[in-house]
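What follows is a set of notes on a single structure, which appears directly below.
The values are calculated or read from the model by the stated rules, or taken from the named source; none is laboratory data. These numbers come from a predicted model, not from an experiment. Using ideal geometry, Cβ is built from the backbone for each residue, glycine included, and neighbour counts are taken over all protein chains shown. These accessible areas exclude ligands, DNA and RNA; they are computed on the full protein's heavy atoms, side chains included. Shrake-Rupley method; radii C 1.70, N 1.55, O 1.52, S 1.80 Å.
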Amino acid sequence: MVIEYLGHRLIKPSAADIDSRSVTFRYDALSDTLTVHFFGEARPAFSLDVSDVENLRVELDTNRIVGLQVEAFLSHALRSEPRYVVWAMRASISLEAIFDALHGAGEDALHEAAVKMAVDDLDYASD
């Protein structure tokens with residue numbers, strides 16, 4: 001499927017295009033960045049911002065979306081999007097580090113994140 005995003009024509013892979021066994025999750029503690037590679041190892045790609053922390057990774061020669069990159073992963077993103085917990089576990093981030101990141105968020109932030117996830121699911125279900 002071809003989509004337009006910020007003036008770029010991107011090829012968005014379907015779920016059928018992605019072999020779940022090939023998807024990799026990598027966390028770099030130094031930069032606090034988690035990267036998801038849909039097709040195995042990293043490929044030459046550029047990033048397009050989709051939120052304050054999330055970027056699409058777009059293959060240079062095909063314009064196909066080949067992954068996602070999440071900046072400020074433990075320090076910010078995980079606190080605002082608890083759905084990232086599973087990604088953190090797949091990237092071999094320790095449960096202690098995940099708990100510490102979530103614990104630092106506070107009850108109000110976790111509640112707001114949970115509400116956002118529920119509303120996002122509602123939006124997804126109505127598409």
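Each of MET1, MET89 has its accessible area taken with a 1.4 Å probe; listed largest first, they run MET1, MET89. Rolling a 1.4 Å probe over the protein chains gives SER92 an accessible area of about 100 Å². Here's how it looks for THR33: its modeled amide H is under 5 Å from those of ASP28, PHE73, which are all 5 or more places away or on a different chain. For the chain, the mean projected area of the C-alpha convex hull, equal to one quarter of the hull surface, is 8.5 nm².
If you count, for each residue, the other Cβ atoms within 10 Å and average over each peptide, how do 10-21, 102-113 line up from highest to lowest?
Final packing ranking: 102-113, 10-21.
When LEU95, LEU78, LEU68 are compared by accessible surface with a 1.4 Å probe, the order from highest to lowest is LEU95, LEU68, LEU78.
Counting protein heavy atoms only, the range 15-86 has 53 percent of its accessible area on carbon and sulfur, 1.4 angstrom probe. The range 17-56 and the range 88-116 have Cα centres separated by 19 Å.
Each Lys and Arg adds +1 at its Cβ and each Asp and Glu adds -1 at its Cβ; summed about the Cα centre, the chain shows a dipole of about 480 debye. Of the GluC sites (Glu not before Pro) found in the range 17-86, the ones in coil according to DSSP and having at most 11 other Cβ atoms within 10 Å of their Cβ are GLU41. Helix 107-126 and the long axis of the chain differ in direction by around 40°, with both axes built from C-alpha atoms. Measuring only protein heavy atoms, the 1.4 Å probe finds ARG90 accessible over about 150 Å².
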